[in-house]
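As structure tokens, the structure follows; a few thoughts come after it.
Please treat every number below as a calculation from the coordinates, not as lab data. Please read all numbers here as calculations on a predicted model, not as lab measurements. Note that we place each Cβ from the backbone using ideal geometry, even for glycine, and neighbour counts take in every protein chain shown.
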Amino acid sequence: MSSSKQMSLLLMTILSSFLYLSVSSFEYEIGANEGWVVPPANDTRIYNDWASENRFQVDDTIRFKYRKDSVMEVSVEDYKKCNSSHPNFFSNTGNTVYHLNHSGYFYFMSGVSGHCERGQRMIIKVISSDQETNSGGEKSSASPSAPVLSSGVFKALLSQLAMSYVASYVFY
Ligand SMILES: *[C@@H]1O[C@H](CO)[C@@H](O)[C@H](O)[C@H]1NC(C)=O
Ligand SMILES: *[C@@H]1O[C@H](CO)[C@@H](O)[C@H](O)[C@H]1NC(C)=O
Ligand SMILES: *[C@@H]1O[C@H](CO)[C@@H](O)[C@H](O)[C@H]1NC(C)=O
């Protein structure tokens, strides 16, 4: 193989992995219509029900939209007690994007007094990418929030595109 061809292949490989990375993260929005609010009294598990239907991966983000409220990321102990005195993360801008930067569990709650107790809290389980390949299941578009686009489909399309591009180089 000529060195220029090798170089092209190398570039393609880098480019396709870059494409892959750039689309592999995914933004979820909490509460499609109402946003991040105190849930109705007869539906206090609404956020955890939604979270358990989704498959969050490292580098996905979650958008919280709210008015006169806040978002905290706290320890599991503080989550259980609705203790807002020392959050790991706090935002009250009304439009918060939280980056899920590692696998494992994230615990969110409202920082407004009384809201967490009434169900405005949520546990997010983030899977690492090697866990992903071992398990089935689909990202759910159930309420209260719908993912913008299925990242799985997008990834499959892109890797196909990258492969045919590489192939056209090899067989040229
Ligand atoms: C909660 O109550 C409202 C009306 O008060 C009703 O429309 C809704 O279906 C109920 N939700 C659940 C989960 O029972
Ligand atoms: C919250 O946590 C802090 C520090 O751990 C503690 O001092 C405080 O008593 C806790 N508050 C409640 C309501 O549990
Ligand atoms: C994730 O982000 C938090 C703050 O946003 C930071 O403290 C923590 O070190 C980060 N973890 C990793 C694994 O990057």
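One decimal place: the segment Arg63-Ser128 gains 21.4 nm when fully extended, by the rule 0.36 nm per residue minus the C-alpha distance. The trypsin sites (Lys or Arg not before Pro) of the range 28-80 that meet both conditions, a loop assignment by DSSP and at most 13 other Cβ atoms within 10 Å of the site Cβ, are Arg45, Arg67, Lys68.
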